[in-house]
Amino acid sequence: MKELMKQQAACNHWANQRMAETLLALPDAVCRQETPSSFNSLHKTLLHIWDAESGWWQRLKLQERIELPGKTFNGTMEELAGGLLNQSKLWEEWVNQASANALDHVIQFQTSKRELVKIKTCQLLLHVFNHSTYHRGQLVTMLHQLGYPKVPSTDFFLWLKLKK
């Protein structure tokens, strides 16, 4: 389990970095252009990924009040990408240092709807990494819709091949 979590965390950081580099090469107007998706721009979608990774990080750290970066963020794409990459690096570092017991530990928290949730840390991690993968896929689709068909792959299998 530990090795799989380490791979997932490293791949998530790598994939976020590849996607950030792609978006940073575009004009800011393109990143903010409205495009049909769950979040209607590349900028808003990347911000959502950061919000989710940050929110779950705060839950892991047992913070009572979750403060999402997107609530107050009004910076540049460079600052947005930097925030996400810093958060992804925190996940990777945490997983690398986590014990088997830490990965199996159950945390408990209340959702914003006051629903009590219990989840194993390893399940929380899988959710975080899968969530980011899902929205990176949306970024790819949005880039195609905006006329940018050359998008780097962020597949786990490619990461495995490249790390060898």
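The values are calculated or read from the model by the stated rules, or taken from the named source; none is laboratory data. Predicted, not measured: the structure shown is a model, and the values here were computed from it. With ideal geometry, Cβ positions are generated from the backbone for all residues, glycine too; neighbour counts draw on all protein chains shown. Heavy atoms of the whole protein, side chains included, go into the accessibility calculation; ligands, DNA and RNA do not. Shrake-Rupley method; radii C 1.70, N 1.55, O 1.52, S 1.80 Å.
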Yes or no: Thr133 under 26 Å from Ser37 (Cβ atoms), modelled with pLDDT under 95 and out of contact with any helix residue (DSSP H, G or I) (no Cβ under 6 Å at 6 or more places or on another chain)?
-> no
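I'd like the full set of residues that are open to solvent by less than 30 Å² (accessible area, probe 1.4 Å) and more than 9 Å from the chain's Cα centre (by Cα), limited to the range 126-153.
Those that are open to solvent by less than 30 Å² (accessible area, probe 1.4 Å) and more than 9 Å from the chain's Cα centre (by Cα): Gln138, Leu139, Met142, Leu143.
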Scan the range 19-34 and report the pairs whose first residue is crowded, with 19+ Cβ neighbours inside 10 Å and whose second residue is among the charged types (D, E, K, R), with Cβ atoms within less than 7 Å and a gap of 6+ or a chain change.
-> Met19/Arg136
Subset tally (residues that are outside any loop (DSSP other than H, G, I, E, B), open to solvent by less than 80 Å² (accessible area, probe 1.4 Å) and closer than 18 Å to Leu23 by Cβ) for the range 55-111 | 11
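Can Leu23 be described as in a helix (DSSP H, G or I) and more than 14 Å from the chain's Cα centre (by Cα)? Break it down stepwise before answering.
Working: in a helix (DSSP H, G or I): yes; more than 14 Å from the chain's Cα centre (by Cα): yes.
Here the answer is yes, as Leu23 does meet what is asked.
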Within the range 62-89, can you find the residues that are modelled with pLDDT of 95 or more and farther than 30 Å from Ala29 by Cα?
-> none
